[in-house]
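Student: Attaching a single structure in C-alpha coordinates format; questions to follow.
The values are calculated or read from the model by the stated rules, or taken from the named source; none is laboratory data. Owing to the predicted nature of the structure, the values given are computational and were not obtained by experimental measurement. Glycine gets a Cβ as well: all are built from the backbone with ideal geometry, and neighbour counts include every protein chain shown.
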Amino acid sequence: MYPGAKLDRAGTDEAKAAALAQSELEVTVYTTSDPFDRVYGFFAKNGREFKPIGSRVRKLPNGQDLRDAFFILDDAGSLTVSKLWVKLQRPYLGQYGLVRRGGPPGAIRDVTAIILTKKK
(Lines give C-alpha, C1' and ligand atoms only; values in the text may rest on other atoms or scores of the structure.)
Protein backbone atom coordinates (compact mmCIF):
# COMPACT_ATOMS: atom_id res chain seq x y z
CA MET A 1 0.00 0.00 0.00
CA TYR A 2 1.03 3.57 -0.57
CA PRO A 3 2.99 4.90 2.45
CA GLY A 4 0.88 7.19 4.62
CA ALA A 5 -2.45 6.30 2.98
CA LYS A 6 -5.27 6.04 5.49
CA LEU A 7 -8.19 3.65 5.46
CA ASP A 8 -11.38 5.45 4.44
CA ARG A 9 -13.99 3.52 6.41
CA ALA A 10 -17.01 5.29 4.82
CA GLY A 11 -15.61 4.83 1.30
CA THR A 12 -14.86 1.17 2.03
CA ASP A 13 -18.40 0.62 3.34
CA GLU A 14 -19.84 2.23 0.17
CA ALA A 15 -17.57 0.08 -1.98
CA LYS A 16 -18.60 -3.09 -0.17
CA ALA A 17 -22.28 -2.23 -0.62
CA ALA A 18 -21.72 -1.58 -4.35
CA ALA A 19 -19.73 -4.82 -4.74
CA LEU A 20 -22.39 -7.06 -3.14
CA ALA A 21 -23.60 -8.12 -6.57
CA GLN A 22 -20.09 -9.41 -7.18
CA SER A 23 -19.47 -11.32 -3.96
CA GLU A 24 -16.03 -12.49 -5.12
CA LEU A 25 -14.68 -8.91 -4.82
CA GLU A 26 -13.18 -7.42 -1.68
CA VAL A 27 -12.80 -3.64 -2.03
CA THR A 28 -10.95 -1.33 0.36
CA VAL A 29 -10.61 2.43 -0.05
CA TYR A 30 -7.62 4.41 1.18
CA THR A 31 -7.00 8.15 0.81
CA THR A 32 -4.01 10.46 0.95
CA SER A 33 -3.56 14.19 0.60
CA ASP A 34 -0.49 13.54 -1.59
CA PRO A 35 -0.77 14.72 -5.20
CA PHE A 36 -2.11 12.30 -7.81
CA ASP A 37 1.24 12.25 -9.68
CA ARG A 38 3.17 11.14 -6.59
CA VAL A 39 0.76 8.27 -5.89
CA TYR A 40 0.75 7.39 -9.61
CA GLY A 41 4.57 7.21 -9.58
CA PHE A 42 4.56 4.84 -6.61
CA PHE A 43 2.16 2.41 -8.29
CA ALA A 44 3.93 2.74 -11.65
CA LYS A 45 7.01 1.27 -9.92
CA ASN A 46 5.04 -1.45 -8.14
CA GLY A 47 2.45 -2.51 -10.70
CA ARG A 48 1.59 -2.47 -14.38
CA GLU A 49 -0.71 0.26 -15.66
CA PHE A 50 -3.87 -0.88 -17.38
CA LYS A 51 -5.31 1.70 -19.78
CA PRO A 52 -8.98 1.24 -20.63
CA ILE A 53 -9.96 1.70 -24.27
CA GLY A 54 -11.22 5.18 -25.05
CA SER A 55 -10.58 8.60 -23.68
CA ARG A 56 -10.05 8.96 -19.94
CA VAL A 57 -10.00 12.76 -19.91
CA ARG A 58 -13.08 13.85 -18.04
CA LYS A 59 -14.31 16.97 -16.35
CA LEU A 60 -16.64 17.32 -13.40
CA PRO A 61 -19.66 19.62 -13.67
CA ASN A 62 -17.66 22.34 -11.88
CA GLY A 63 -14.96 22.16 -14.61
CA GLN A 64 -12.41 20.38 -12.42
CA ASP A 65 -10.37 17.61 -14.09
CA LEU A 66 -11.10 14.07 -12.90
CA ARG A 67 -7.92 12.02 -13.02
CA ASP A 68 -7.77 8.28 -12.63
CA ALA A 69 -5.50 5.36 -13.39
CA PHE A 70 -5.60 1.58 -12.97
CA PHE A 71 -2.68 -0.64 -11.94
CA ILE A 72 -2.59 -4.43 -11.98
CA LEU A 73 -0.57 -5.74 -9.01
CA ASP A 74 -0.33 -9.39 -10.05
CA ASP A 75 0.74 -11.19 -13.23
CA ALA A 76 -2.68 -10.97 -14.92
CA GLY A 77 -3.00 -9.53 -18.41
CA SER A 78 -6.13 -7.46 -17.73
CA LEU A 79 -8.39 -6.24 -14.94
CA THR A 80 -11.02 -8.86 -15.75
CA VAL A 81 -8.67 -11.71 -14.77
CA SER A 82 -6.55 -9.89 -12.18
CA LYS A 83 -6.93 -10.92 -8.55
CA LEU A 84 -5.30 -7.74 -7.24
CA TRP A 85 -5.51 -4.24 -8.71
CA VAL A 86 -5.97 -0.59 -7.73
CA LYS A 87 -7.78 2.38 -9.14
CA LEU A 88 -6.38 5.82 -8.34
CA GLN A 89 -8.68 8.81 -8.50
CA ARG A 90 -8.44 12.52 -7.75
CA PRO A 91 -10.58 14.16 -6.67
CA TYR A 92 -12.30 11.31 -4.91
CA LEU A 93 -15.97 10.94 -5.75
CA GLY A 94 -18.11 9.33 -3.09
CA GLN A 95 -20.29 6.34 -3.86
CA TYR A 96 -17.27 4.13 -4.68
CA GLY A 97 -16.12 6.65 -7.25
CA LEU A 98 -19.23 6.17 -9.32
CA VAL A 99 -21.76 8.62 -10.65
CA ARG A 100 -25.30 7.43 -10.05
CA ARG A 101 -27.35 6.91 -13.19
CA GLY A 102 -28.39 10.30 -14.42
CA GLY A 103 -27.43 11.96 -11.16
CA PRO A 104 -24.53 13.97 -9.81
CA PRO A 105 -21.45 12.35 -8.30
CA GLY A 106 -21.40 11.70 -4.58
CA ALA A 107 -19.36 13.89 -2.28
CA ILE A 108 -16.31 15.31 -4.06
CA ARG A 109 -13.21 15.30 -1.84
CA ASP A 110 -9.88 16.89 -2.75
CA VAL A 111 -7.80 13.81 -1.92
CA THR A 112 -6.22 11.02 -3.93
CA ALA A 113 -8.18 7.80 -3.47
CA ILE A 114 -6.58 4.39 -3.75
CA ILE A 115 -9.30 1.81 -4.35
CA LEU A 116 -7.80 -1.64 -3.79
CA THR A 117 -9.71 -4.58 -5.27
CA LYS A 118 -8.97 -8.20 -4.44
CA LYS A 119 -10.73 -11.09 -6.11
CA LYS A 120 -11.38 -14.05 -3.82
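Student: Report, by residue number, each residue of segment 96-116 that is in a loop (DSSP other than H, G, I, E, B), modelled with pLDDT of 70 or more and not charged (D, E, K, R).
Tutor: Initial filter on segment 96-116 (in a loop (DSSP other than H, G, I, E, B)): 96-98, 100-104, 106-107, 110-111.
When the remaining residues are screened for being modelled with pLDDT of 70 or more, the result is 107, 110-111.
The answer is 107, 111.
Student: While we're on this one: Does any residue of segment 17-28 turn out to be crowded, with 18+ Cβ neighbours inside 10 Å and modelled with pLDDT under 95? Spell out how you get there, then give the answer.
Tutor: Of all residues in segment 17-28, those crowded, with 18+ Cβ neighbours inside 10 Å come to 27-28.
Narrowing further to those that are modelled with pLDDT under 95: 27-28.
Yes, that holds for at least one residue.
Student: Filter segment 42-57 for residues that are of a type in the set (A, V, I, L, M, F, W, C) and surrounded by 10 or more Cβ atoms within 10 Å (Cβ to Cβ); which is modelled with the lowest pLDDT?
Tutor: 50
Student: Can you name the condition, by its number, that residue 73 falls short on among (1) under 21 Å from residue 12 (Cβ atoms); (2) at pLDDT below 95; (3) of a type outside the set (Gly, Ala, Ser)?
Tutor: Single failed check for residue 73: (2).
Student: Right, next: Taking segment 69-81 as the region of interest, how many residues are closer than 19 Å to residue 114 by Cβ and either surrounded by fewer than 18 Cβ atoms within 10 Å (Cβ to Cβ) or basic (Lys, Arg) (or both)? Lay out the reasoning, then the answer.
Tutor: Kept after step one, since they are closer than 19 Å to residue 114 by Cβ, are these residues of segment 69-81: 69-74, 76, 79.
Those still in the list that are either surrounded by fewer than 18 Cβ atoms within 10 Å (Cβ to Cβ) or basic (Lys, Arg) (or both) too: 73-74, 76, 79.
Residues flagged as closer than 19 Å to residue 114 by Cβ and either surrounded by fewer than 18 Cβ atoms within 10 Å (Cβ to Cβ) or basic (Lys, Arg) (or both) within segment 69-81 amount to 4.
Student: Return a yes/no flag: does segment 14-27 have any residue that is closer than 26 Å to residue 107 by Cα and in contact with a helix residue (DSSP H, G or I) (Cβ under 7 Å, 6 or more places away or on another chain).
Tutor: We begin by selecting, within segment 14-27, every residue closer than 26 Å to residue 107 by Cα; these are 14-23, 25-27.
With the extra rule that they be in contact with a helix residue (DSSP H, G or I) (Cβ under 7 Å, 6 or more places away or on another chain), the set shrinks to 25, 27.
Within segment 14-27, one or more residues are closer than 26 Å to residue 107 by Cα and in contact with a helix residue (DSSP H, G or I) (Cβ under 7 Å, 6 or more places away or on another chain).
Student: Here is a follow-up. Please tell me if residue 60 is more than 12 Å from the chain's Cα centre (by Cα) and modelled with pLDDT of 95 or more. Walk me through how you get there before you give the answer.
Tutor: Details: more than 12 Å from the chain's Cα centre (by Cα): yes; modelled with pLDDT of 95 or more: no.
No: the conditions fail for residue 60.
Student: Pick out the one residue from 84, 88, 93 that is buried (at least 19 other Cβ atoms within 10 Å of the Cβ) and either under 15 Å from residue 43 (Cα atoms) or modelled with pLDDT of 85 or more (or both). Please lay out each step first, then the result.
Tutor: Values: 84 fails: buried (at least 19 other Cβ atoms within 10 Å of the Cβ); 93 fails: either under 15 Å from residue 43 (Cα atoms) or modelled with pLDDT of 85 or more (or both).
Result: 88 is the single residue among 84, 88, 93 that is buried (at least 19 other Cβ atoms within 10 Å of the Cβ) and either under 15 Å from residue 43 (Cα atoms) or modelled with pLDDT of 85 or more (or both).
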